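The values are calculated or read from the model by the stated rules, or taken from the named source; none is laboratory data. Source: prediction; values computed, not measured. A quick note on method: Cβ atoms are made from the backbone with ideal geometry, for glycine too, and the neighbour counts reach across all protein chains shown. Heads up: the accessible areas ignore ligands, DNA and RNA and are worked out on the full protein's heavy atoms, side chains in. Shrake-Rupley method; radii C 1.70, N 1.55, O 1.52, S 1.80 Å.
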Amino acid sequence: MNFKKRSLFKLLSVSLLSVLLLTGCGGGGGTTSSDSSDINDIGDLVFDDNGNVVFENVEITMWSVTTGDDANTQDEIINEFNELYEGMIHVSVNHTSRYDLETLLTSTMEFDKENAPDVFFSHGSRVNEYVERGWLLPIEPIMEKGGLILDKDDFVESLLSSTTVDGKVYGLPQDVHSAVVVIRKDILEKNNLPMPTNYQELVSVSEQAIELAKKGELWIRGENSFGVSATEWRTHNRNETYYPFPIAFGDMWVHEFVGYTAAIQNGASIIDEDGMPSWNTQGTIDGFQVLKDWMFPTETSTNNEPLSKSYGSDYDVGNEPFRNGSAIFKLLGPWEYMSNLTQFDRELANDGGSSNITTLSLSKFFANDPSKDYASKVKGEGHAFMVMSTVESMTKRVAALVFADYMVNNAGIRWAKRGHLPSLKSVQNSSAFKNDPAYDEYIKYWGTIDDYVVIQPTPYYSYIDSYFKGALQKVMSNTYQNTPIKDIVKEEFEDCLAYIELYS
């Protein structure tokens, strides 16, 4: 049985008839230094007569940052891999949320290395930190020993560079993702309001809706507790303030994506070429001003009316208002968009279902000047497969990269439906990807991968991220309403520099 597939590695076909018994394919517990690029140092690798690496029941464990429906989709693809490589390579997965996984990895690598995973699937932005701690192996020397070739030109450059430290690649990028905007298309159409494409248009449409609501003339519909059918149009209560686009710092969509995006779309950079924080600029101040004005408009802000009330650190504040028509827009992780489609297919089944909503990327929605090149940029995160330094067996290392290669090449449209755009140009441009109905229905509205800005390698990522978010939280808080944004940004930035100098 020969397995022939397109690969970003030039992987020779593996024949079951030539499989030889291996005696040492398990991983050890200590950190290894056997990552030399010396091609003759092949460790426990065994080759058949055709020069192919032989795999015999190699067990790979992976820790993954995916949960929920993402985890289910990932498991489906992994099960297909396990079936294809039955008797050769088998992958088992432990799924953990992003806020618990970092703590688990740190405690394991510091105190319990024997139970470390072989493969770590998480955000590539932290690769440099892991490399500094000696937790990862560079992947190209492993591929070289296994007769594999990495096609760097097929990757989106920014994603591969984000997992590259000092010229060595430590993570195989899977995708890029961000938050998106979801829109009640039916409410816009019913009230003769246009679809916005940038910040200025968003403010204009939102304020038109607010004015209609004040006059008791804004038509809305959706799930509610008033005994009115979800499909039945009603006017918004003129005595209640209408907030067309609820946001809150407590939403992951805001503190992980929108805060950074607002800064970047107004000309800020997050780190400099030396990996140091660089966000104490007018661009960050202007971006944060947009988000402060969202809730606390002033005489100089683009919006005269608040687009959202101040929710503080509440989470997912837009979901309920969006469902019942009390909001036209909401932020969402695109990995949840399919469940929204299902929800509206159910709730508005008798009148258009999910065709009543649509989605757009964050591009230009927080930019003061939509004509600027950086106005279309969106802060993204990329998932990547990393091989842990605790894996001593060269056979297991190579097997781990055979698995990573399969996932990167074969997740395709299924992974994109979960909100994760492919890292490979060949996958993005393939007919299987672009001819899928989901592509025309919503994936294409999330923009091109070139719009996404991935933070490049820095050993100080955690510090930079923490203090940037600290500044954002203060800006969006009632407590600091009267504190100038430039003072908040400057203080958090200087504290970040001091922390890096003291502890790095």
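List the helices (runs of 4 or more DSSP H) inside segment 151-224, counting only whole elements, that have at least 1 residues being more than 20 Å from Asn356 (Cα to Cα) and either touching a residue at least 12 places away in the same chain (Cβ under 8 Å) or within 27 Å of the chain's Cα centre (by Cα) (or both).
On the way: elements: 157-162, 185-190, 199-214.
Because the criterion is at least 1 residues that are more than 20 Å from Asn356 (Cα to Cα) and either touching a residue at least 12 places away in the same chain (Cβ under 8 Å) or within 27 Å of the chain's Cα centre (by Cα) (or both), the helices (runs of 4 or more DSSP H) in segment 151-224 that meet it are 157-162, 199-214.
Take Glu320 and decide whether it is crowded, with 19+ Cβ neighbours inside 10 Å and either at pLDDT 95 or above or not aliphatic (A, V, I, L, M) (or both). Working first, answer last.
On the way: crowded, with 19+ Cβ neighbours inside 10 Å: no; either at pLDDT 95 or above or not aliphatic (A, V, I, L, M) (or both): yes.
Criteria not met by Glu320.
For segment 474-504: of the residues being of a type in the set (Ser, Thr, Tyr) and surrounded by 12 or more Cβ atoms within 10 Å (Cβ to Cβ), which is farthest from Gln289 (Cα to Cα)?
Within segment 474-504, the subset of a type in the set (Ser, Thr, Tyr) is 477, 479-480, 483, 499, 503-504.
From what's left, surrounded by 12 or more Cβ atoms within 10 Å (Cβ to Cβ): 477, 480, 483, 499.
Details: Ser477: 12, Tyr480: 13, Thr483: 12, Tyr499: 26 Å.
By that ranking, first place goes to Tyr499.
How many residues are touching a helix residue (DSSP H, G or I) at 6+ places or on another chain (Cβ under 9 Å), surrounded by fewer than 19 Cβ atoms within 10 Å (Cβ to Cβ) and modelled with pLDDT of 95 or more if we restrict to segment 97-113?
1
Hey, among the residues in segment 264-296 that are in a loop (DSSP other than H, G, I, E, B) and charged (D, E, K, R), which one's most open to solvent (accessible area, probe 1.4 Å)?
Ranking the candidates gives Glu273 first.
Quick check on my filter: what residues within segment 250-263 are more than 19 Å from His123 (Cα to Cα) and buried (at least 24 other Cβ atoms within 10 Å of the Cβ)?
Narrowing segment 250-263 to residues more than 19 Å from His123 (Cα to Cα): 250, 262-263.
The answer is Ala262, Ala263.
Inside segment 67-96, can you point out the residues that are open to solvent by less than 40 Å² (accessible area, probe 1.4 Å) and either polar (S, T, N, Q) or part of a helix (DSSP H, G or I) (or both)?
Asp70, Ala71, Thr73, Gln74, Ile77, Ile78, Phe81, Asn82, Thr96
Yes or no: segment 271-279 includes at least one residue that is touching a Gly at 6+ places or on another chain (Cβ under 9 Å) and of a type outside the set (Ser, Thr, Tyr).
Scanning segment 271-279 turns up no residue that is touching a Gly at 6+ places or on another chain (Cβ under 9 Å) and of a type outside the set (Ser, Thr, Tyr).
Residues to consider are Asn266, Asn280; find the one that is at pLDDT 95 or above, closer than 23 Å to His177 by Cβ and under 29 Å from the mean Cα position of the chain (by Cα).
Details: Asn280 fails: closer than 23 Å to His177 by Cβ.
Going through Asn266, Asn280 in turn, the sole match is Asn266.
Out of the helices (runs of 4 or more DSSP H) lying entirely within segment 355-466, which hold 2 or more residues that are buried (at least 22 other Cβ atoms within 10 Å of the Cβ) and in contact with a strand residue (DSSP E or B) (Cβ under 6 Å, 6 or more places away or on another chain)? If you could, list the steps in order and put the result at the bottom.
Details: elements: 394-410, 412-417, 425-428, 431-434, 437-441.
Of the helices (runs of 4 or more DSSP H) lying wholly inside segment 355-466, those with at least 2 residues that are buried (at least 22 other Cβ atoms within 10 Å of the Cβ) and in contact with a strand residue (DSSP E or B) (Cβ under 6 Å, 6 or more places away or on another chain) span 394-410.
Could we say that Met295 is closer than 17 Å to Ile210 by Cβ and modelled with pLDDT of 95 or more here?
yes
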